[in-house]
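Enquirer: Please find one structure pasted underneath; my questions will follow.
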There are 2 protein chains.
Amino acid sequence: MPGGPHGRFGAGRGMGRGPAGPMFLQACLLVLLHKGKSYGYSLAQDLKQFGFDPARIDISIIYRALRGLEMQGLVETAWDENSLGPQRRMYEITPQGEAVLSAWMQNLHQRKLEIEALESVYDEVTNRHP
Amino acid sequence: MPGGPHGRFGAGRGMGRGPAGPMFLQACLLVLLHKGKSYGYSLAQDLKQFGFDPARIDISIIYRALRGLEMQGLVETAWDENSLGPQRRMYEITPQGEAVLSAWMQNLHQRKLEIEALESVYDEVTNRHP
DNA sequence: ATAACTATTGACATTTTGTCTATAGACAAT
DNA sequence: ATTGTCTATAGACAAAATGTCAATAGTTAT
C-alpha cells in the first residue's frame, strides 16, 4: 500500500452482502465505542492505534461512517451537556451494535487467517530455496 | 461477511494508489505461481487453500485477474505444448512479479497486524467485564 | 451427442474508500 | 474585532476490487 496508513480494505460487492458491510473503518469506530462513548474528533484521534494517521485522515469520512452506523442502529447519539467548549455529539454503541461488532470481529479474524494462509504458502516456497 | 469465502477486501482508492493495487485475488494467484507455473482452471482449484470455494468462484474473475497481472508484466504466458486434452495456457511469474509480490506480502502482513490491533482492543474491553 | 475440461471477453452493478468543497457555531486568546 | 482551536456536519465526484451474468468455442473421452 504505497499510500501508507490509508485505505484498509476497500469496496466491492463481496465485502458486504447486506447494508451493513464490514467496513474496516466502521469496525474500528465500533471497537472504540465498545471501549466507551466518545465524539467525532476524539474518535478520529483514537484511530491512531489502528494505523490511521490523524493528520491525514479526512474528518468527513469519519462522520460519514458514524452516520452510517447511526442509520443502521448500531450507535445512538446525544448532545453532551457537560462540554465547555464547542458542542459535542456523543456517540454510544447500542446492544445491536455490540452484536454486529461481534460478528464483524469474527469475520475480520477469518480475514486474518486467510492472510496467514497466504503467508504460509509464500514463506514455505521462499524458504525452500535459500 | 455473510457471503462467506467470497470477497476478500474489495475496492477503493486507498487500496491501490497505482495501477497495481494489492488485490487479494491477484496476490493469491501470484503466490500460487510463486510456487510453480500453472494454468487457469488449476489455479482456480488451488485457491481453495486460501478460503475460496471452487464451486462458487466465477472463472471469469480469475481470468480477469490473470489478465491484469499479465498486463502489469507480473506474469508471462505460453501455450503448453505437452497437454493432452484441451489447450492450456500456462502462467508463470516474472522476476518483476516476484518483487511486487514481496511488497504485497508486506502490505498484507501490515493488514494482519491492524486486524490484530483491533482484536486486541476489542478483547481487552470484552474480557474486562466477564 | 454429451460431458468434462479448457480458453477467454465484456457489460452491468455494487460498495468502500479518498479528495475536495462547503457551512457554521462555541469558546479562548490577542 | 480578529484569529485560532475545536466541533459539528453534508455532498459531489472519482477510483477501484469484486460479483453476476452472458457469451463464444475448441479438445478429448464416453
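A short reminder: the numbers here are calculations on the coordinates, not readings from a lab. Bear in mind the structure is a predicted one, so any value in this text is a computation, not a measurement. Using ideal geometry, Cβ is built from the backbone for each residue, glycine included, and neighbour counts are taken over all protein chains shown.
Enquirer: Would you kindly work out, in nm and rounded to one decimal, the distances from the label point of B:T94 to those of the same position in each other copy, ordered shortest first, with label points 7 Å along Cα-to-Cβ?
Expert: 5.2
Enquirer: If you don't mind, there's one more thing I want to ask. For A:A117, place a label point 7 Å from Cα along the Cα-to-Cβ direction in every copy; what are the distances to the other copies, in nm, shortest first?
Expert: 2.6
Enquirer: Could you give, in nm with one decimal, how far B:S60 is from each other copy of that position, shortest first, with labels 7 Å out from Cα toward Cβ?
Expert: Label-point distances to the other copies, shortest first: 3.5 nm.
Enquirer: Over 31 Å between C-alpha atoms is what I'm after, so list which of A:K35/B:K112; A:K35/B:K48; A:K48/B:K48; A:K37/B:K48; A:K48/B:K35 land there.
Expert: Values: A:K35/B:K112 21 Å; A:K35/B:K48 37 Å; A:K48/B:K48 35 Å; A:K37/B:K48 41 Å; A:K48/B:K35 37 Å.
Those over the limit are A:K35/B:K48; A:K48/B:K48; A:K37/B:K48; A:K48/B:K35.
Enquirer: Under unit Cβ charges (Lys, Arg +1; Asp, Glu -1), what dipole magnitude, rounded to 20 debye, does region B:21-128 have relative to its Cα centre? Could you put the intermediate results ahead of the total?
Expert: Details: 11 positive and 14 negative charges, 46 e Å.
Around 220 debye, computed over region B:21-128.
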